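Participant: This is the structure I want to talk about, given as structure tokens.
Quick note: the coordinates plus some simple rules give every number you see, no bench work behind them. Values in this document were obtained by computation on a predicted structure and should not be read as measured data. Methodologically, a virtual Cβ is constructed for each residue, glycine included, from the backbone with ideal geometry; neighbour enumeration extends over all protein chains shown.
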């Protein structure tokens, strides 16, 4: 379809010139964004300044639409002028192509342009409501710095927490020694490349306690450097390698969702990390847009999957909004505030469940929205994490989720009036090459993982299954879904020892419920991993039952490394001759029961979990 010839001017400018109405607030805001996008390839001037230079264009035309004058004198107006001007930037060349070649694109966009032009006052208000006063492409220098520093802090917490428990958990005399676990993987624990790809860990070189301590020390040092903004990229690589090396042989205690989330966050953080020895505001390189997308998509995947799996799990407690009738007292390690939250009115609990589902399922989409909605999404997601932190001990998970939320907040929230420099386009292209490769490899898998939240048995393409099989050992792309099914009872394993088989003394764990009179404790961001393992063992986990039996054997031997994970040892002089474990059903006391007895917990008479055993039973 042929178009009418465009008008021309007698004295064209030396380079493309876009003329806009300087009295239009809407125009002035968006011109600033286009000026930044075209990076000096276009001149932008108001009609009030230069309109008289081009008598061929009537003054009313300047008021009706923007005018683009090319160096050859040809004049374009309206949506076509916008697309042609933006098309001078390499990443926007598709816009004029669509205008000229895609059927229906030109009339649709011209109609939309006319509608906005006739309602500029309303459009200006909508722009300010959605974006604020600055509609330029957002930058994330401050978000990157705080995200990486907070991630460094989370890594540091994770390493120090693991370090304090490593001997008892997976040391040479621990519950599940790293060397023994590696020997189960094949070849008697001897390293060869095939095993390293399936179970990637530096412990193949040595699974000694010294090696485990070295990994914790190296990871802690690198995490501290990252938290202080020093050598961010090398520090991230060391943190990732050391933490992966711990969780592969220590899977019995390091298989929680926040462990794999920490590794996946550390992986995507690599692609936004600046290649410099120290992060400093004065010499910040550009933030990779693709790397930023990888981090934001991880946040979206984490939250969206966590919400959807609750509704697709088949547990009607989420649909009926009754999940919090159970959650406060059945969660692994509730805080003392959970007892008080459990006494809140039913209407407040149901409203809280609805708010949680809304925040996890709907709010993540606003991560991709204009600035005001994006910042509001960050606030709501962070508020959810703080609320979870108050009533439950989820170690470093909530702080890690908050760190991811920081990348949603652009620089206008940190320094709203600071002018920005436009980074060289060449620098941006080079910075995006490696992140682009990571995106191409992981995006199909992450999309399938996200969609799998809707299905019990997802049917993935073979190519995706093959890709997942290669990446899964490195925890680079993972599915998430905390509290898919709500636990509606609270069994607790209580260990007791005896010197004669008649008088029994209980072993008190450091953090999990035991003595009903002891109030729930706060241990986050530290994770007492044995306490968590016993929560799963009580619910019937076979893997954790093996750990429980190993605990009983350690009690019979008075193993210092294992008993150091408990609050105390009632047999300090000589080990007990017998150990048994009883399974009790716990619940929070009511306000009346607490006032009468002073107890925080109530429990039944219990049933046998592990009958009385002696060392002879473990030989």
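Participant: How would 302, 433, 357, 130 line up from fewest to most surrounding beta-carbon atoms within 10 angstrom?
Facilitator: Going from least to most buried by this count: 433, 130, 357, 302.
Participant: In addition: Can you compute the equivalent ellipsoid semi-axes for the range 83-194, i.e. the square root of 5 times each eigenvalue of the Cα gyration tensor, sorted largest first and rounded to whole Å?
Facilitator: Equivalent ellipsoid of the range 83-194: 60, 24, 12 Å, largest first.
Participant: Answer with a single label: of [x] 70, 59, 48; [y] 89, 72, 69; [z] 109, 59, 46, which was calculated as Cα extents along the principal axes in Å from the structure in view?
Facilitator: [z]
Participant: Okay, moving on. In percent, what relative contact order does the chain have, based on Cα pairs under 8 Å that are 6 or more apart in sequence?
Facilitator: It rounds to 13 percent for the chain.
Participant: From the Cα trace of the range 559-613, what convex hull volume per residue do you get, rounded to a whole Å³?
Facilitator: Taking the convex hull of the Cα positions in the range 559-613, it is 124 Å³ per residue.
Participant: Ok, one more. Based only on other Cβ atoms within 10 Å, what is the fewest-to-most ordering of 60, 144, 41, 120?
Facilitator: Ascending Cβ contact count within 10 Å gives the list 60, 41, 120, 144.
Participant: Let me ask another. Expressed as an acute angle from 0 to 90° and rounded to the nearest 10, what is the orientation of the C-alpha long axis of helix 462-471 relative to the principal long axis of the chain?
Facilitator: Tilt relative to the chain: about 60 degrees.
Participant: Could I ask something else about it? Rg and Dmax in Å for the range 435-573, alpha carbons only: what are they?
Facilitator: 21.3, 68
Participant: Compute the long axis of helix 542-557 from its Cα atoms, compare it with the longest principal axis of the Cα atoms of the chain, and write down the angle in degrees, 0 to 90, nearest 10.
Facilitator: Long axis of 542-557 versus the principal axis of the chain: about 50 degrees.
Participant: Restricting everything to alpha-carbon atoms, can you work out Rg to Rh for the range 17-131 with a Kirkwood hydrodynamic radius?
Facilitator: With Rg and the Kirkwood Rh in hand, the quotient comes to 0.94.
Participant: Using a Förster radius of 45 Å, what is the FRET efficiency between residue 596 and residue 619 based on their Cβ-Cβ separation? Nearest 0.05, please.
Facilitator: For residue 596 and residue 619, the calculated efficiency is 0.40.
Participant: How far is helix 141-170 tilted, in degrees, relative to the longest principal axis of the Cα atoms in the chain, given as a value from 0 to 90 rounded to the nearest 10?
Facilitator: It works out to around 10 degrees.
Participant: Can you give the helix-only mean residue ellipticity at 222 nm for the chain, where every DSSP H stretch with n ≥ 4 adds -39500 (n - 2.57) and the sum goes over all residues, rounded to the nearest 500 deg cm²/dmol?
Facilitator: Value at 222 nm, helices only: -16000 deg cm²/dmol.
Participant: When 295, 485 are ordered from fewest to most other Cβ atoms inside 10 Å of their Cβ, what list results?
Facilitator: 485, 295
Participant: Quick one: go through the range 131-150 and flag any residue whose amide nitrogen is under 17 Å from the point 7 Å out along the Cα-to-Cβ line of residue 277.
Facilitator: Within reach of a label on residue 277: no residues.
Participant: Let me ask something else. Specify whether the C-alpha gyration tensor of the range 499-619 places it in the rounded, prolate or oblate class, a ≥ b ≥ c being the square roots of the eigenvalues: rounded for a/c under 1.5, otherwise prolate if a/b is larger than b/c and oblate if not.
Facilitator: Taking the square roots of the gyration eigenvalues as a ≥ b ≥ c, the range 499-619 is prolate.
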